[in-house]
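Comments concern the structure below.
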Amino acid sequence: MDNSIGEKMDSNLTSYDESKGEAPELVIATKLLGGFRGILIDILWIRAINLEAEGKYFEIAQLFDLISKLEPRIPSVWSYASWNLSYNISKEVPELDQQWEWVKAGIFLLRNKGVKYCPREYKLYDDLAYLFYHKIGGATDDSNDYFKESFASEMDVVFGDNFNI
């Protein structure tokens, strides 16, 4: 028998690594937890719902950080987590500059993480636009004037004198 056919077939085989380019924590969670990952996510989500009823928003932020690492491709995780940061936690802190930091954290989460993992999910873009409109652009939030000034100051640093309208 000619062994060259078998050798040729083996040389053309390639391995497929589905975790290529993924965050290390996602790869570890996927590989180690396997099928139990979904069960763990459900348990954490139920815990977050119970914490919301108790008004423990900071703890919810920690839970959703873990949930987003376990399953980053569920858009509702990003929507809920950003809402919690921008709306619930921002209202828990008394200082306007701290509120602004939490609003920015919600924007960052949607823009830099949620859209990264779910780029075709229009709801995340809608949530992001609504966050800008409602928290910064509109007059519906009590702190919107401060948020507008803070956002303008940060954009001035980015664009400087080169941005003339």
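The values are calculated or read from the model by the stated rules, or taken from the named source; none is laboratory data. As the structure is a computational prediction, the values presented were derived from the model and not from experiment. Quick note on the areas: whole protein, heavy atoms, side chains included, nothing else; ligands and nucleic acids left out. Shrake-Rupley method; radii C 1.70, N 1.55, O 1.52, S 1.80 Å.
For ILE74, nonlocal amide neighbours, meaning residues 5 or more places apart or on other chains whose placed amide H falls under 5 Å from its own, do not occur. Heavy-atom surface analysis with a 1.4 Å probe gives segment 38-140 a carbon and sulfur content of 59 percent of its accessible area. Could you tell me which of the pairs LYS56/LYS116; LYS91/LYS148; LYS123/LYS148; LYS56/LYS91; LYS91/LYS135; LYS31/LYS69 are separated by over 21 angstrom between their Cα atoms in the structure shown? Exceeds cut-off: LYS56/LYS116; LYS123/LYS148. For segment 34-44, backbone phi angles converted through the Karplus equation (6.51, -1.76, 1.60; θ = phi - 60°) give residue-by-residue couplings of x, x, 6, 4, x, 5, 4, 4, 4, 4, 5 Hz, Gly and Pro being listed as x.
Compare ILE60, ILE49 by solvent-accessible area with a 1.4 Å probe and give them largest first, with all protein chains kept in place.
Accessible-area ranking of ILE60, ILE49, largest first: ILE49, ILE60.
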